[in-house]
1. Name the residues in the range 72-90 that are in contact with a helix residue (DSSP H, G or I) (Cβ under 7 Å, 6 or more places away or on another chain) and assigned to a helix (DSSP H, G or I), would you?
2. If you check residue 53 against the conditions, is it part of a helix (DSSP H, G or I), modelled with pLDDT under 95 and surrounded by 12 or more Cβ atoms within 10 Å (Cβ to Cβ)?
3. Could you list all residues from the range 89-102 that are more than 21 Å from residue 15 (Cβ to Cβ) and surrounded by fewer than 16 Cβ atoms within 10 Å (Cβ to Cβ)?
4. Among all residue pairs at least 6 apart or on different chains, which show Cβ distances below 7 Å where the first residue, located in the range 67-86, is under 22 Å from residue 106 (Cα atoms) and the second is at pLDDT below 95 and part of a loop (DSSP other than H, G, I, E, B)?
């Protein structure tokens, strides 16, 4: 994959993630309201779910940053484990891929 296409894919991925993080932040700044004690369990569940989603988005953003570093270093598109090339089709679908499909399957 050429560097320009890789930059486009990573920029789009970064924008998608940052937009999702901003959207979550706007949701969290809603007005405070009085909570019925019957809603506490539901609220606790939602808080934990929201925290997990936020953690996932931050992990995705970190993956974009690692991919950008590999692009700058000239190693983007190569497995961080074996150095084997990652097919362009995989990078198109998942621009932050760090492993080949086979390596990722073996890791699971």
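The values are calculated or read from the model by the stated rules, or taken from the named source; none is laboratory data. Quantities reported herein were computed from a predicted structural model and do not represent experimental measurements. No Cβ is skipped: glycine too gets one built from the backbone with ideal geometry, and neighbour counts run over all protein chains shown.
1. Matches in the range 72-90: 90 only.
2. yes
3. Hits for the range 89-102 are 89, 101, 102.
4. 77/1
Each row is one residue, and each column tells you yes or no for (1) modelled with pLDDT of 65 or more; (2) at positive phi; (3) assigned to a helix (DSSP H, G or I).
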{"site": "20", "(1), (2), (3)": "yes, no, yes"}
{"site": "25", "(1), (2), (3)": "yes, no, yes"}
{"site": "34", "(1), (2), (3)": "no, no, no"}
{"site": "41", "(1), (2), (3)": "no, no, yes"}
{"site": "49", "(1), (2), (3)": "no, no, yes"}
{"site": "66", "(1), (2), (3)": "yes, no, yes"}
{"site": "70", "(1), (2), (3)": "yes, no, yes"}
